[in-house]
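Visitor: Sharing a structure, written as structure tokens. Questions coming.
The values are calculated or read from the model by the stated rules, or taken from the named source; none is laboratory data. What you see is a predicted model; the values in this text were computed from it and never measured. Note: ideal-geometry Cβ built from the backbone for every residue, glycine included; neighbour counts use all protein chains shown.
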């Protein structure tokens, strides 16, 4: 676990950076060490920063144009011929337009291909609902053999990209568009971010917040608020691995606190909240609240406005924790 | 391993035997797709017995040519050829589509030696071949990719995404084959969704196009040889075929895209195969 002291500074005045930059830079760095690493893009390579890899390794970089089904299938072919293949575009388009290919051509034969989708969630902002992917975790999680990860900041993005590159098999990773607070130092990420294991950011005895992506930072703010205003001791876990879910850790914290709130930039159906509910309902039923978009599409607006309007904030998470504690006491 | 060259008469005999195996296998399975398996027999026999460099004893050999059956429903054809080549015992064919079988209803790379792709969802195989062809070029390997597609499959949008992509990257190590048997599940392709002028479409996408009679071994073998010589362009061979070829009542019948005759009927058909 990272100590609260260790984490404290980031809540005051966090440094900001983007997951996309971390993704592109990490690919370019790994390209030196992993000669089999190849990257495929679909006309969004500048925006997703895979172009950084492309400039360094043009012979291992392919742009298939606006053609997402071809994007992931070409990457599958590269992987079948021995490459470590990364494919990337915006999440609404992939996996949005190529669930079949992800299922039949990639997950079923367990091809060593990684789809890293950017601009997921409503934080993409003014582009509006057509560009705000809120279903990808549900679709990808339901496919056998597919592992699903969601980094919470640029440093954990870098760490998880390296894990993906060095772990055989199909992966789906989603990242967000905007600059976001840096939660981890590289050393903390290397030590504390491990595939299939939760990263404990705070332990607690009164409630547990299990969050992924941009909502991890909001969860930390919520826990801090609850500690100072309500004297509650609230655990915060970074659930970067949605699948395979660290079920034992989820059960353990549910037993310790009896109140679990999940938080994600995704529909409340089928994503992290769904995954946690599946585990707890079978192994240790406790009352839960799921923070996410409430089975609705987003809309245009600035990121901050949208996060408030759709309840993806520290305040909403804290209110759900209080509501849950109230319900448990009745 | 380079296959020893077979005479045309030998190839015809192998084709006849392949048709018999397909029909017997399907009758035993009681379901599957005879029409599109029977239509492409000679093309697959030509590939596996003459054209391709492959080794049934070492299916994962890195230098092998790769055959991708994008029209995965023709699995009985692929399995019949692979079994005769020795990728697995011929008696496995009678387990097709049955529980715990190594032979799934549609090809499965993990279960069946020699199967290069989990196909079954139409339109994907050409893109996968592009990935392998790019890797081959990158690694300076001279293996070739062969991709068989159905003509109904031409209706999938992804085919044309891939068609553009293969010519962008000048993938002369890809030979695609269209089994132009004119029939899809619901009827004639030209009634369901016209795909003509097919040759002009591929030419417009900057492919080298060769049309052949899908039952004339001399034409088929010449086309594959020509495709190997072409530089900087992928080749598509449009093979004019007949759905259900070899069984009179199945020929040109959409019904037999996905309907299997019973064992007794198959016994009498097999006797009449030419």
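Visitor: What is the one condition in (1) touching a strand residue (DSSP E or B) at 6+ places or on another chain (Cβ under 7 Å); (2) under 26 Å from residue A:84 (Cβ atoms) that residue B:141 does not satisfy?
Guide: Evaluating residue B:141 over (1) touching a strand residue (DSSP E or B) at 6+ places or on another chain (Cβ under 7 Å); (2) under 26 Å from residue A:84 (Cβ atoms) leaves (1) as the failure.
Visitor: Which is more than 11 Å from chain B (Cβ to nearest Cβ) and not in a loop (DSSP other than H, G, I, E, B), of A:29, A:103?
Guide: Details: A:103 fails: more than 11 Å from chain B (Cβ to nearest Cβ).
That would be A:29, the only listed residue that is more than 11 Å from chain B (Cβ to nearest Cβ) and not in a loop (DSSP other than H, G, I, E, B).
Visitor: Consider residue B:263 carefully, then state whether it is under 19 Å from residue B:151 (Cα atoms) and out of contact with any strand residue (DSSP E or B) (no Cβ under 7 Å at 6 or more places or on another chain). Break it down stepwise before answering.
Guide: On the way: under 19 Å from residue B:151 (Cα atoms): no; out of contact with any strand residue (DSSP E or B) (no Cβ under 7 Å at 6 or more places or on another chain): yes.
Against the criterion (under 19 Å from residue B:151 (Cα atoms) and out of contact with any strand residue (DSSP E or B) (no Cβ under 7 Å at 6 or more places or on another chain)), residue B:263 does not qualify.
Visitor: What number of residues within the stretch A:169-206 are closer than 30 Å to residue A:76 by Cβ and assigned to a helix (DSSP H, G or I)?
Guide: 2
Visitor: Additional query: Test residue B:137 against the criterion of being in a loop (DSSP other than H, G, I, E, B), free of Cβ contacts under 8 Å to residues at least 40 places away in the same chain and either touching a helix residue (DSSP H, G or I) at 6+ places or on another chain (Cβ under 6 Å) or surrounded by fewer than 22 Cβ atoms within 10 Å (Cβ to Cβ) (or both), and give yes or no.
Guide: Working: in a loop (DSSP other than H, G, I, E, B): no; free of Cβ contacts under 8 Å to residues at least 40 places away in the same chain: yes; either touching a helix residue (DSSP H, G or I) at 6+ places or on another chain (Cβ under 6 Å) or surrounded by fewer than 22 Cβ atoms within 10 Å (Cβ to Cβ) (or both): yes.
It is false that residue B:137 is in a loop (DSSP other than H, G, I, E, B), free of Cβ contacts under 8 Å to residues at least 40 places away in the same chain and either touching a helix residue (DSSP H, G or I) at 6+ places or on another chain (Cβ under 6 Å) or surrounded by fewer than 22 Cβ atoms within 10 Å (Cβ to Cβ) (or both).
Visitor: In this structure, does residue A:92 turn out to be more than 8 Å from chain B (Cβ to nearest Cβ), within 25 Å of residue A:177 (Cα to Cα) and in a loop (DSSP other than H, G, I, E, B)? Lay out the reasoning, then the answer.
Guide: On the way: more than 8 Å from chain B (Cβ to nearest Cβ): yes; within 25 Å of residue A:177 (Cα to Cα): yes; in a loop (DSSP other than H, G, I, E, B): yes.
Yes.
Visitor: Can you tell me which condition residue B:78 does not meet? The list is (1) closer than 25 Å to residue B:228 by Cβ; (2) more than 14 Å from chain A (Cβ to nearest Cβ); (3) in contact (Cβ under 8 Å) with a residue 40 or more places away in the chain; (4) surrounded by 22 or more Cβ atoms within 10 Å (Cβ to Cβ), and all the others hold.
Guide: (3)
Visitor: Spot the failing condition for residue A:127; the list is (1) surrounded by fewer than 22 Cβ atoms within 10 Å (Cβ to Cβ); (2) under 16 Å from residue B:126 (Cα atoms), and only one is missed.
Guide: (2)
Visitor: Checking the conditions here, which among A:26, A:50 is out of contact with any strand residue (DSSP E or B) (no Cβ under 6 Å at 6 or more places or on another chain) and crowded, with 21+ Cβ neighbours inside 10 Å? If you could, list the steps in order and put the result at the bottom.
Guide: On the way: A:50 fails: out of contact with any strand residue (DSSP E or B) (no Cβ under 6 Å at 6 or more places or on another chain).
Going through A:26, A:50 in turn, the sole match is A:26.
Visitor: State the number of residues belonging to the stretch B:121-134 that are at the interface with chain A (Cβ under 8 Å from one of its Cβ atoms) and part of a loop (DSSP other than H, G, I, E, B). Write out each step before concluding.
Guide: Going through the stretch B:121-134, the residues at the interface with chain A (Cβ under 8 Å from one of its Cβ atoms) turn out to be B:121, B:123-124, B:127-134.
Next, from what is left, pick out any that are part of a loop (DSSP other than H, G, I, E, B): B:121, B:123-124.
Here the count works out to 3.
Visitor: Checking residue B:147 against (1) part of a loop (DSSP other than H, G, I, E, B); (2) within 14 Å of chain A (Cβ to nearest Cβ): exactly one of these is not met. Which one?
Guide: Against the list (1) part of a loop (DSSP other than H, G, I, E, B); (2) within 14 Å of chain A (Cβ to nearest Cβ), residue B:147 comes up short only on (1).
Visitor: Condition (residue is touching a residue at least 12 places away in the same chain (Cβ under 8 Å), part of a loop (DSSP other than H, G, I, E, B), surrounded by 24 or more Cβ atoms within 10 Å (Cβ to Cβ) and more than 13 Å from the chain's Cα centre (by Cα)) applied to the stretch A:211-229: is it met by at least one residue?
Guide: No, the stretch A:211-229 has no match at all.
Visitor: Still on this model: Report, by residue number, each residue of the stretch A:37-83 that is touching a residue at least 40 places away in the same chain (Cβ under 8 Å), within 10 Å of chain B (Cβ to nearest Cβ) and assigned to a strand (DSSP E or B).
Guide: A:38, A:40
Visitor: Ok, one more. Can you find a residue in the stretch B:103-120 that is touching a residue at least 12 places away in the same chain (Cβ under 8 Å), more than 14 Å from chain A (Cβ to nearest Cβ) and within 16 Å of residue B:36 (Cα to Cα)?
Guide: no
Visitor: Kindly indicate which of B:171, B:188, B:221, B:198 is in contact (Cβ under 8 Å) with a residue 40 or more places away in the chain, closer than 19 Å to residue B:81 by Cα and either out of contact with any helix residue (DSSP H, G or I) (no Cβ under 7 Å at 6 or more places or on another chain) or more than 9 Å from every other protein chain (Cβ to nearest Cβ) (or both).
Guide: Working: B:171 fails: closer than 19 Å to residue B:81 by Cα; B:188 fails: closer than 19 Å to residue B:81 by Cα; B:198 fails: closer than 19 Å to residue B:81 by Cα.
Every option except B:221 fails the conditions.
Visitor: Separate question: When you go through A:148, A:198 one by one, which is the residue that is touching a helix residue (DSSP H, G or I) at 6+ places or on another chain (Cβ under 7 Å), outside the structural domain of residue A:277 (by TED's automatic domain parsing) and touching a residue at least 24 places away in the same chain (Cβ under 8 Å)? Give the steps one after another, and end with the answer.
Guide: Numbers: A:198 fails: outside the structural domain of residue A:277 (by TED's automatic domain parsing).
None of the others qualify; the one that does is A:148.
Visitor: Which residues, taken from the stretch A:21-36, are free of Cβ contacts under 8 Å to residues at least 60 places away in the same chain and under 20 Å from the mean Cα position of the chain (by Cα)? Please lay out each step first, then the result.
Guide: Looking only at the stretch A:21-36, we keep the residues that are free of Cβ contacts under 8 Å to residues at least 60 places away in the same chain, and these are A:24, A:28-29, A:31-33, A:35-36.
Across the stretch A:21-36, the qualifying residue is only A:24.
Visitor: Filter the helices (runs of 4 or more DSSP H) completely within the stretch B:1-70 down to those with at least 1 residues that are at pLDDT 95 or above, surrounded by fewer than 17 Cβ atoms within 10 Å (Cβ to Cβ) and touching a helix residue (DSSP H, G or I) at 6+ places or on another chain (Cβ under 8 Å). Can you show your working first?
Guide: Numbers: elements: B:8-29, B:35-38, B:41-46.
Hits in the stretch B:1-70: B:8-29.
Visitor: Just to be sure before I move on: is residue A:119 crowded, with 24+ Cβ neighbours inside 10 Å, under 29 Å from residue A:300 (Cα atoms) and more than 14 Å from every other protein chain (Cβ to nearest Cβ) in the structure I sent?
Guide: Numbers: crowded, with 24+ Cβ neighbours inside 10 Å: yes; under 29 Å from residue A:300 (Cα atoms): yes; more than 14 Å from every other protein chain (Cβ to nearest Cβ): yes.
When the stated conditions are applied, residue A:119 passes them.
Visitor: Exactly one of (1) within 14 Å of chain A (Cβ to nearest Cβ); (2) more than 15 Å from residue B:241 (Cβ to Cβ) is unmet by residue B:153. Its number?
Guide: (2)
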